[in-house]
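J.: What follows is a single structure, and I will ask about it in a moment.
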Amino acid sequence: MRHRLEIQILDPRLGREFPLPHYATEGAAGLDLRAMLDAPLELVPGGCELIPAGLAVHIAEVGVAGMILPRSGLGHRHGIVLGNLVGLIDSDYQGPLMLSCWNRSDQAFCIEIGERIAQFVLVPILHAELAIVESFTPSARGAGGFGHTGKY
Ligand SMILES: O=c1ccn([C@H]2C[C@H](O)[C@@H](COP(=O)(O)OP(=O)(O)OP(=O)(O)O)O2)c(=O)[nH]1
Ligand SMILES: [Mg+2]
């Protein structure tokens, strides 16, 4: 499914020196986001920095949210993930997309200017209407959780 996504280009290098976010393949779920830095940034082990993606988005539709997720290769091989683990972008947010980059490894990592460091995914959202009830209709699981079905 497609969703018209309004963007503002905040960093003029995007779309010129560096490609705009795009789906790398027909089936790609995410748009890669780039570190629009003025200079390469060394992330020390355990270090966390807020990096601009160089653009603002306005999702506009209440039934849609954005998620910023790590890239698998960087996260697995180099320990470069997100300081907030997952970024959640509200449909009414119009500010700059910011990437919290965390080096969870024990080796320094240099983020290059324009490097693809995270990905942006649109997801459907349901708003909850809270209904207070005295008891739930019994289910097979009931209140069992945290390893209830087997090994922890
Ligand atoms: O990785 C992220 C996460 C969030 N945001 C922006 C979009 C989002 O809509 C807004 C608020 O995010 P969130 O609600 O997760 O943060 P908060 O700490 O609860 O801030 P607020 O009080 O503004 O809701 O910040 C980003 O740019 N990058
Ligand atoms: Mg919030």
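J.: Based on this model, can you work out whether Gly27 counts as at pLDDT 95 or above and either touching a strand residue (DSSP E or B) at 6+ places or on another chain (Cβ under 9 Å) or more than 20 Å from Leu122 (Cβ to Cβ) (or both)?
T.: Spelling it out, it is not the case that Gly27 is at pLDDT 95 or above and either touching a strand residue (DSSP E or B) at 6+ places or on another chain (Cβ under 9 Å) or more than 20 Å from Leu122 (Cβ to Cβ) (or both).
J.: Name the strands (runs of 3 or more DSSP E) wholly inside segment 43-152 in which the number of residues that are of a type in the set (Gly, Ala, Ser) is 2 or more.
T.: Here the list reads 48-58, 64-70.
J.: Turning to a different aspect of this structure: Confirm whether Ala128 is more than 8 Å from ligand 1 (Cβ to nearest atom) and farther than 30 Å from Pro45 by Cβ.
T.: For Ala128, the condition - more than 8 Å from ligand 1 (Cβ to nearest atom) and farther than 30 Å from Pro45 by Cβ - is met.
J.: Here's a follow-up. Which of the residues that make up segment 1-52 are hydroxyl-bearing (Ser, Thr, Tyr) and in contact (Cβ under 8 Å) with a residue 12 or more places away in the chain?
T.: Within segment 1-52, none qualify.
Yes/no per residue for (1) within 14 Å of ligand 1 (Cβ to nearest atom); (2) charged (D, E, K, R); (3) surrounded by 18 or more Cβ atoms within 10 Å (Cβ to Cβ):
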| site | (1), (2), (3) |
| --- | --- |
| Val57 | yes, no, yes |
| Gly63 | no, no, no |
| Gly66 | yes, no, yes |
| Pro70 | yes, no, yes |
| Leu74 | no, no, yes |
| Ser100 | yes, no, no |
| Ser105 | no, no, no |
| Ala108 | no, no, no |
| Ile111 | no, no, yes |
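The values are calculated or read from the model by the stated rules, or taken from the named source; none is laboratory data. Not measured: the values here are computed from a predicted model. Positions of Cβ are backbone-derived with ideal geometry, glycine not excepted, and every protein chain shown enters the neighbour counts.
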